[in-house]
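Just so you know, all these numbers are worked out from the coordinates, no wet-lab data involved. It should be emphasised that the depicted structure is a prediction, and the values quoted were computed from it without experimental measurement. Here Cβ is always computed from backbone atoms with ideal geometry, including for glycine, and neighbour counts include all displayed protein chains.
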């Protein structure tokens with residue numbers, strides 16, 4: 001069936017339509033009361049006023065649809081599909097998948113952790129937080145106020161608790177010192193705090209403190225008193241912005257080129273408890289109300305808590321269906337309002353002022369990043385007398401400890417930015433002892449030999465087939481000479497190569513006795529330092545991993561019943577010293593070849609020699 005026939009056959013019913021390109025990729029998701037009328041409107045020439053819509057229609061190769069019973073169901077489905085597929089032509093909450101969230105886990109004894117992934121797993125999620133620093137500060141504050149556990153144990157052994165229990169930061173459910181019901185009361189307090197209901201929390205804690213005193217549990221009463229004082233200190237820092245004591249989210253927007261910044265003030269019980277900036281892309285040619293509507297859909301679909309009032313600066317096209325959706329989500333009436341005067345209007349103006357400042361700050365940061373990436377690349381072309389801009393730069397570093405576990409790293413920057421999927425690491429195979437020159441020769445030989453062989457066999461599709469415009473060697477003339485010899489032998493001597501000496505930050509080129517000295521304020525030098533430091537980090541991380549596995553293997557040799565095969569399976573399954581030491585007996589039993597007796601032996605040994613093993617871990621770090 002042709003596209004025209006599909007459009008004509010669309011039903012005159014509510015639902016969601018999915019527009020696809022010629023490779024069956026969803027490029028736009030929308031909802032409609034009448035699918036037929038809405039989709040046909042895209043193909044009426046007078047409707048194509050915006051460049052974005054013209055580009056969308058030009059790329060439509062197929063249309064699919066899903067019927068719903070009403071507009072509300074269509075709205076919910078539309079939100080879910082946009083979140084899942086992130087279509088090119090929809091407004092998208094920028095990078096929302098990488099924003100951190102605060103998660104209260106769905107466990108018998110829940111934990112409060114930071115995560116960047118949201119699952120429908122019964123856990124509670126708060127966020128997203130656009131500032132990781134703010135989230136860390138929140139976690140630290142919660143740990144001081146509420147003694148919830150931070151360990152990762154899934155099975156409690158009723159053995160000696162960790163240090164957190166000794167410093168009163170945890171009530172040690174692992175050792176049976178608190179039951180499930182008592183522990184979950186603490187988690188309820190955390191939830192009240194996160195939802196801005198500190199006054200309710202203080203009332204509950206005061207009752208609990210009085211009861212503890214009546215029961216002559218004076219130490220417990222003193223702990224609750226200190227907890228109340230800590231919460232009151234937080235409340236004192238919060239600004240009162242409303243006499244209505246309502247829970248509100250206050251939203252205003254500032255616009256930039258093809259993106260917008262929405263600032264949200266979180267008002268709980270009349271007090272401002274926090275704020276966040278959110279950036280949306282693909283907003284050109286859209287009215288302010290349409291942008292805010294798209295934000296509200298994408299923001300609240302991932303929120304557990306919805307306030308009673310949402311204040312916005314401009315009218316929203318589908319306000320009634322949005323209110324109905326949010327009311328159903330909250331379980332009580334939710335209002336979206338556009339204040340015209342009074343303290344609410346003043347508050348919105350304050351939010352708008354902050355949104356504009358955040359947008360201007362982001363634009364400035366963009367300009368600075370451009371100078372440090374694209375500008376730095378062009379600067380290197382000039383300063384190093386290169387024939388073309390070094391769009392792809394590779395850097396190599398060697399890492400070992402007195403010649404043992406010798407490894408090398410290859411990191412790649414393209415357009416001045418790290419290309420981490422192109423990073424490679426090498427275990428040195430032919431060199432014995434601490435010989436960085438020979439090690440560099442081996443690595444460069446292997447890298448360019450692979451490139452040559454891949455081009456011969458499979459063209460430009462291999463993992464080494466992309467060639468650099470510039471090679472940087474971490475080291476001085478000796479390492480550079482070894483690298484150039486390898487490149488000449490493999491037929492790649494034409495690629496510009498420099499050694500970057502760490503002490504003076506000088507660049508050395510083959511055949512030139514005098515170094516090239518870039519200005520200390522040079523963006524080009526800063527870029528090379530970033531690349532060199534990244535190569536060093538990547539090499540050292542790999543070296544430590546191998547060294548840690550070797551030391552762990554020697555520790556496992558001391559455990560009865562653990563031979564070479566079981567040792568290999570343990571290392572393969574867990575991958576690190578820390579993870580094996582933290583594993584429960586149930587976790588150990590999941591490893592191939594580990595039975596109950598051996599699992600118990602491993603667990604007992606690692607926990608009996610905890611202090612020694614901790615020192616070994618620190619030594620590896």
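Which shape class applies to region 59-217: rounded if a/c is under 1.5, otherwise prolate when a/b exceeds b/c and oblate if not, where a ≥ b ≥ c are the square roots of the Cα gyration tensor eigenvalues? Please report the intermediate quantities before stating the final value.
On the way: a/c = 2.56, a/b = 2.25, b/c = 1.14.
The shape class here is prolate.
Site pair residue 350 and residue 113 shows an inter-label distance of 3.7 nm when each label is modelled 7 Å from Cα along Cα→Cβ.
Within 10 Å of each residue's Cβ, count the other Cβ atoms and sort 424, 268 from fewest upward. Don't skip to the end; give the middle numbers.
Values: 424 18, 268 22.
Fewest-to-most ranking of 424, 268: 424, 268.
Sort region 331-442 into rounded, prolate or oblate with this rule: let a ≥ b ≥ c be the square roots of the eigenvalues of the Cα gyration tensor; rounded if a/c is under 1.5, and if a/c is not under 1.5, prolate when a/b is larger than b/c, oblate otherwise. Prolate, since a/c reaches 1.5 and a/b exceeds b/c.
What's the exposure ranking of 410, 440, going from fewest to most Cβ atoms within 10 Å?
On the way: 410 23, 440 28.
Fewest to most other Cβ atoms nearby, the residues stand as 410, 440.
With N set to the number of residues, divide the alpha-carbon radius of gyration of the chain by 2.2 N^0.38 Å and report two decimals.
On the way: Rg = 30.3 Å, N = 621, 2.2 N^0.38 = 25.3 Å.
Working it through for the chain, the quotient is 1.19.
Compared with the alpha-carbon gap, the fully stretched path from residue 332 to residue 23 is longer by 106.9 nm at 0.36 nm per residue. What does a probe at residue 55 reach in region 12-34, counting residues whose amide N is under 19 Å from the point 7 Å along Cα→Cβ? Taking a point 7 Å out along Cα→Cβ of residue 55, the residues of region 12-34 whose backbone N falls under 19 Å are 19-30.
Bridges between two residues of the chain, per DSSP, are antiparallel at a rate of about 80%.
Of 362, 487, the sequence from fewest to most neighbouring Cβ atoms within 10 angstrom is 362, 487. The helix-based estimate of mean residue ellipticity at 222 nm for the chain, built from -39,500 (n - 2.57) per DSSP H run of four or more residues and divided by its residue count, is -15000 deg cm²/dmol to the nearest 500. When restricted to Cα atoms, region 1-108 yields an Rg and a Dmax of 16.1, 59 Å, respectively. Each part reduced to its alpha carbon centroid, region 49-111 and region 310-366 end up 20 Å apart.
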